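Here's the structure we're looking at; comments come further down.
The values are calculated or read from the model by the stated rules, or taken from the named source; none is laboratory data. None of the values given here were measured: they were computed from a predicted structure. Methodologically, a virtual Cβ is constructed for each residue, glycine included, from the backbone with ideal geometry; neighbour enumeration extends over all protein chains shown. Calculation scope for accessible area: heavy atoms of the full protein, side chains included, ligands and nucleic acids excluded. Shrake-Rupley method; radii C 1.70, N 1.55, O 1.52, S 1.80 Å.
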Amino acid sequence: AENAFNPDEEMIISDEGWAYWYYDPNEESYRFDKTIYKEGDIVTGTKTIRQFYDYASGKEIQVKDVTAPLYLFFFSASQDKSHNLTKELRRFKLKINWK
């Protein structure tokens, strides 16, 4: 799992699993940068990325050194009290092409 408040400015990349990025006002920590922005019912978290951690190789990769496309898949879901995902609410795919 990624560290609370993103102190390493890092994102784990893996083709076998996913990272939980979440915000819960009742939790003491979360995996976004420490500052959370709230406006009415809208909550915005930012995540500064300086490097990637490649889970398969165990290597850190600086963003400036990445040349291959990066595919990110985001989804939100509801969960039960045991943190089992019960319903997918939204899914979004993003491809980053580096210049």
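Based on this model, can you work out whether Ser57 counts as in a loop (DSSP other than H, G, I, E, B), closer than 17 Å to Ala1 by Cα, open to solvent by less than 50 Å² (accessible area, probe 1.4 Å) and without any contact (Cβ under 8 Å) to a residue 40 or more places away in the chain? First the steps, then the outcome.
On the way: in a loop (DSSP other than H, G, I, E, B): yes; closer than 17 Å to Ala1 by Cα: yes; open to solvent by less than 50 Å² (accessible area, probe 1.4 Å): no; without any contact (Cβ under 8 Å) to a residue 40 or more places away in the chain: yes.
For Ser57, the condition - in a loop (DSSP other than H, G, I, E, B), closer than 17 Å to Ala1 by Cα, open to solvent by less than 50 Å² (accessible area, probe 1.4 Å) and without any contact (Cβ under 8 Å) to a residue 40 or more places away in the chain - is not met.
With (1) closer than 18 Å to Met11 by Cα; (2) at pLDDT 85 or above as the list, and Tyr23 as the residue in question, which single condition is left unmet?
The failed condition is (2).
Counting residues that are of a type in the set (Phe, Trp, Tyr) and open to solvent by 80 Å² or more (accessible area, probe 1.4 Å), which strands (runs of 3 or more DSSP E) fully inside the range 1-53 reach at least 1?
Details: elements: 10-13, 36-39, 42-45.
Answer list for the range 1-53: 36-39.
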